[in-house]
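Notes for the one structure printed next.
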Amino acid sequence: MQWVVEPAALDWVNERVSEFSANQVSSLVPSGFEAYARISHPHRVESAAVLVEVLRSYTGAGERCWFASWEGYGWVWGGIVTFSTDPATHGLSPEPDELPVPAKVRDGPRARRPHRGYVLYTGGLGDALVLGDLDYPWRHRTPIPAITTEVPDLWWPESRAWFVASDTDLEHCTYLGGTRVLVDQVVAEPRLDATPVDPCDPLL
């Protein structure tokens with residue numbers, strides 16, 4: 001994976017989505033795909049791992065993928081430990097070089113949707129699952145897991161053949177746009193609780 005600063009990365013998405021206030025599938029996933037699906041999940045990272053398996057057949061070998069996480073997550077900035085009973089760690093805050101996101105990305109211009117700003121990284125498709133495994137100094141100094149959102153909110157391949165989207169306010173659903181064949185396979189996958197949806201369907 002590689003953290004990147006690319007303010008224009010979401011411009012194509014913004015051109016093809018509805019207003020977020022519309023609270024519908026097209027508010028998250030761009031228009032223009034043949035089919036869409038909603039994936040319900042109690043554990044997002046487990047569903048994402050299965051989805052990665054399925055998406056491999058629809059992603060070029062070695063194709064670069066883009067991953068976007070909301071800038072407001074505590075792990076981006078470190079946060080202050082306030083729940084420790086240990087006086088040595090209560091109120092502890094990280095040094096800038098102890099965080100998983102490099103300073104040039106944290107402090108640089110954001111890729112934006114009208115309702116959110118995002119930090120970005122690129123990598124292979126499997127890097128959709130890398131956040132929870134990142135190793136960095138702050139992780140060893142705090143008693144609370146610093147990264148609790150282990151899957152990016154938005155991810156897509158360079159070819160834009162498919163698009164996966166969730167949001168910090170949608171804890172138990174992820175949405176997918178892609179070809180009819182891809183969506184049919186996702187819906188038929190027994191390890192996923194997936195159903196077809198229309199772009200105008202409400203977000204759950």
- Computed for segment 1-75: size of charge dipole around the Cα centre, +1 on C-beta of each Lys and Arg, -1 on C-beta of each Asp and Glu, debye to nearest 20, value 200
- Item | Ordering of 23-31, 36-44, 188-196 by burial proxy (mean other Cβ atoms within 10 Å per residue, highest first) | 23-31, 36-44, 188-196
- Query: Roughly how many whole Å is it from the C-alpha centroid of segment 118-133 to that of segment 60-79?
  - Reply: 6
- Task: Provide the per-residue ³J(HN,Hα) series for segment 62-67, in order, calculated from phi with Karplus coefficients 6.51, -1.76, 1.60 and θ = phi - 60°, each as a whole number of Hz, with x at glycine and proline positions.
- Result: x, 5, 6, 10, 10, 9
- Cα gyration tensor, segment 1-81 - rounded (a/c under 1.5), prolate or oblate: rounded
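Quick note: the coordinates plus some simple rules give every number you see, no bench work behind them. Please read all numbers here as calculations on a predicted model, not as lab measurements. Every residue, glycine as well, gets a Cβ built from its backbone with ideal geometry; the counts of neighbours run over all protein chains shown.
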